[in-house]
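First comes the structure, then the notes that go with it.
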Amino acid sequence: MDGRGVEKMIKTQERGYIWLEQELRKYLGISTAGIAVFFLFLLPAGLPLSYYAALFAVAILANGIWCYLTYRRKYRDYLEISDCLEALETGSYRQKPEADALKTGIRSQMQEQMERVGRAAEVYKKQLEEEKENTKAMITDISHQLKTPVAALGLSLELLGDAQVTEAEKQEFLERGKREVEKLNHLMGTLVNLSRLEADMIRLEPRKAGLKETLVRAVNGVYLKAEEKKIEIEMKGFSDMEIVHDPRWTAEAISNVLDNSVKYSPGGSTISIRVEPMVSYIFIEVEDEGIGIEKSEYQNIFKRFYRGKRPEVEGQEGAGVGLYLVRKIFEEQGGNVCAVPAHRRGTVIRMMLPKKYSAESAV
């Protein structure tokens, strides 16, 4: 017998000993005392002593057998439940109840509940493993993205100190260094916002404000990037409305969506912003003419640290947290966000905000 078998046998013996001390002897003692009291009341009945003694012995024996059988049944139930718990403790989350577990009773209910707990724990474990792998990939990606601008910035500074470099070349290296610093600021700002959101340090402050003002604020955040690629950001006409939302963080979220559209759209294309009011919600759609999203990735792009697998995506700067922040900001305000394919090419990011914000809808 191996070490695990011996350990299991010892645990079984220990559990049996504890139950024998606490349960069997207690019930046996109480029931025996009850039988003795009962027979004491029978003494005045005038039964023959031999008959009385035989009846008392039979009662004691029957009581002992009944207590033992009851104990054994409870002990088996206890062992089955204990084995299930030990299996969960050691990472075996698939519980297989026996055929009689379908019967009614507390035992079957407990087994069914443990089976559900096992399935939930298995799902949670898979999610943790997936998130761990995504985090590893994200750290590698961020390390790579930090190395590139830092190396370029260091080279630019080194060349600026070279006496043989002309003024025109110095100006070019200076502009290049500024661009690399902007990349670093954008990456660090995104990561800081993410860490603040995860630590619940970002406090949304909903107030009644015009939606058009929020959209203009979002567009201004990416206007220069769009101008560099000759991308036109077109806002379809709509009647402005005041809704309760956080203008700052809502604009930040929409700006992240626009930034993605600019990043993955060709020069000279158009990004359209549409607002569609419904009965209870307002839809804000951002449609681009970019590279689009693979159908299999629609459910993943809003996950933390997720980045697309296409070469066009991997070649761009990013930590895979921009769209995750978008989802969190809208969900905190009782809305949501999703992605759908555009009619011709590109992607439509559809964001939704409730017309009437409430603390309950944001939970």
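Does segment 309-332 include one or more residues that are touching a strand residue (DSSP E or B) at 6+ places or on another chain (Cβ under 6 Å), modelled with pLDDT of 85 or more and either of a type in the set (D, E, K, R) or open to solvent by 10 Å² or more (accessible area, probe 1.4 Å) (or both)? Yes, segment 309-332 has at least one match.
Among the residues making up segment 32-87, those that are at pLDDT below 80, open to solvent by less than 60 Å² (accessible area, probe 1.4 Å) and more than 25 Å from residue 109 (Cα to Cα) are 39, 42, 52. Among residues of segment 338-363 being farther than 17 Å from residue 292 by Cβ, open to solvent by 10 Å² or more (accessible area, probe 1.4 Å) and aliphatic (A, V, I, L, M), the one that is modelled with the lowest pLDDT is 363.
Picking from residues in segment 241-295 that are farther than 13 Å from residue 346 by Cβ and of a type in the set (Gly, Ala, Ser), the one that is nearest to the chain's Cα centre (by Cα) is 253. Against the criterion of being open to solvent by less than 30 Å² (accessible area, probe 1.4 Å) and farther than 22 Å from residue 321 by Cβ, residue 258 does not qualify. Screening residue 210 on (1) surrounded by fewer than 18 Cβ atoms within 10 Å (Cβ to Cβ); (2) modelled with pLDDT under 90; (3) among the small types (Gly, Ala, Ser); (4) touching a strand residue (DSSP E or B) at 6+ places or on another chain (Cβ under 7 Å) shows it passes everything except condition (2). The residues of segment 235-255 that are β-branched (Val, Ile, Thr) and open to solvent by 30 Å² or more (accessible area, probe 1.4 Å) amount to a single one, 244. Within segment 144-164, being at pLDDT 75 or above and of a type in the set (Ser, Thr, Tyr) holds for one residue alone: 156.
The values are calculated or read from the model by the stated rules, or taken from the named source; none is laboratory data. What you see is a predicted model, and the numbers here were worked out from it, not measured in a lab. Glycine gets a Cβ as well: all are built from the backbone with ideal geometry, and neighbour counts include every protein chain shown. These area figures cover heavy atoms from the full protein model, side chains too; ligands, DNA and RNA do not enter into them. Shrake-Rupley method; radii C 1.70, N 1.55, O 1.52, S 1.80 Å.
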